[in-house]
Amino acid sequence: MKIVFLSGGARHHALRHLLERGENVCAVITPFMSVGNCRFKDVVLTAVEFGVPVFPVVRDGVGDVIKQLKPDVIVSCGFPYILSETCISLARYAINVHPTLLPKYRGFRSGAYILMNGETESGITVHFLTAEMDCGDILVQRSFPLTPFDTPKSMYRKGQVVEPSALFEAIQLLKSDSFSVIKQDESQASEYTTVRTPSDSQVNPHNSLLELMNEIRACDSDAYPAHFYHKGQKVCIKLWRPEKSVDESDMI
């Protein structure tokens, strides 16, 4: 089966897993790379390493490239553009790899809220693409535990451990032509699509530290640290555990 891999994020582990196992990835489609948008550089480098052609596109050009390639399967893995029904119909199967346990936490900005809400697990969902974002039937789902000390970086790392094999399993199911799906339960659905800004990391200093802990750890301690203001001065907050185990990298 010919696979077209669409990505605009740091999802090269999933691509490499498919290629190392001999899957026929005929092309990689990405947005145009820029200084401000180069998170998918490793996806491009992985494609080049394996001799897979890379097609940079603008939003309106995705369908033209897919039509030219005539794939059996479209894989969207961190791709920033929502595919139209026309694009989806250009392949026998079109699937998306979403970094949460759908139907909870739909949307492209949901990661921080998983931690803010104190969830004890997250995961990866491979589902069929539809015109509605993250609403298609579920093909494969893998979960992993979260601790009170996880951060956005550690949660991403855990996801990258299970994502490649989850996608590979989904491809094998599609190739078998024998699979069942799980309908998403709309009563359990939640959606987060608003881009967080640095001001979203401001916390209420009148709350206790235990009340604030989930908000604080959901912020990137380097790029947008949790903070409050005291006497007109911005005060940033950083949490750490001096007795943290060596295998708990990028956690508090």
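The values are calculated or read from the model by the stated rules, or taken from the named source; none is laboratory data. None of these values were measured; they are calculated from a predicted model. No Cβ is skipped: glycine too gets one built from the backbone with ideal geometry, and neighbour counts run over all protein chains shown. Heavy atoms of the whole protein, side chains included, go into the accessibility calculation; ligands, DNA and RNA do not. Shrake-Rupley method; radii C 1.70, N 1.55, O 1.52, S 1.80 Å.
Annotations
- Scanning segment 162-212 for residues that are in contact with a Pro (Cβ under 7 Å, 6 or more places away or on another chain) and without any contact (Cβ under 8 Å) to a residue 40 or more places away in the chain yields one hit, Ser201.
- Any hit, segment 84-95, residues being free of Cβ contacts under 8 Å to residues at least 40 places away in the same chain, buried (at least 17 other Cβ atoms within 10 Å of the Cβ) and more than 18 Å from the chain's Cα centre (by Cα): yes
- Thr46 meets the conditions (1) part of a helix (DSSP H, G or I); (2) over 22 Å from the mean Cα position of the chain (by Cα) in every case but one. The failed one is (2).
- Residue in segment 14-30 that is surrounded by fewer than 22 Cβ atoms within 10 Å (Cβ to Cβ), over 21 Å from the mean Cα position of the chain (by Cα) and among the basic types (Lys, Arg) present: yes
- Per the listing Phe55, Phe79, the residue uniquely touching a residue at least 40 places away in the same chain (Cβ under 8 Å) and either open to solvent by 10 Å² or more (accessible area, probe 1.4 Å) or touching a helix residue (DSSP H, G or I) at 6+ places or on another chain (Cβ under 8 Å) (or both) is Phe79.
- Any hit, segment 238-247, residues being out of contact with any helix residue (DSSP H, G or I) (no Cβ under 9 Å at 6 or more places or on another chain), surrounded by fewer than 10 Cβ atoms within 10 Å (Cβ to Cβ) and assigned to a helix (DSSP H, G or I): no
- Every residue from segment 119-156 that is assigned to a strand (DSSP E or B), open to solvent by 40 Å² or more (accessible area, probe 1.4 Å) and not hydroxyl-bearing (Ser, Thr, Tyr): Glu121, Gln141, Arg142, Pro145
- Selected residue [among the small types (Gly, Ala, Ser) and touching a His at 6+ places or on another chain (Cβ under 9 Å)] from Gly118, Gly63, Gly111, Gly136: Gly136
- Residue count for segment 210-238 under the criterion of being modelled with pLDDT of 95 or more and farther than 18 Å from Tyr113 by Cα: the result is 10.
- Of all residues in segment 141-161, those that are farther than 30 Å from Val246 by Cβ and either free of Cβ contacts under 8 Å to residues at least 24 places away in the same chain or more than 15 Å from the chain's Cα centre (by Cα) (or both) total 0.
- Here is the figure for segment 187-232: residues that are of a type outside the set (A, V, I, L, M, F, W, C), open to solvent by 70 Å² or more (accessible area, probe 1.4 Å), in a loop (DSSP other than H, G, I, E, B) and closer than 25 Å to Asp134 by Cβ total 2.
- Single residue of segment 31-48 satisfying the filter (open to solvent by 10 Å² or more (accessible area, probe 1.4 Å) and of a type in the set (Val, Ile, Thr)) that is nearest to Val75 (Cα to Cα): Val44
- In segment 66-76, the residue that is surrounded by the most Cβ atoms within 10 Å (Cβ to Cβ) out of those that are in contact (Cβ under 8 Å) with a residue 40 or more places away in the chain and outside any strand (DSSP E or B) is Ile66.
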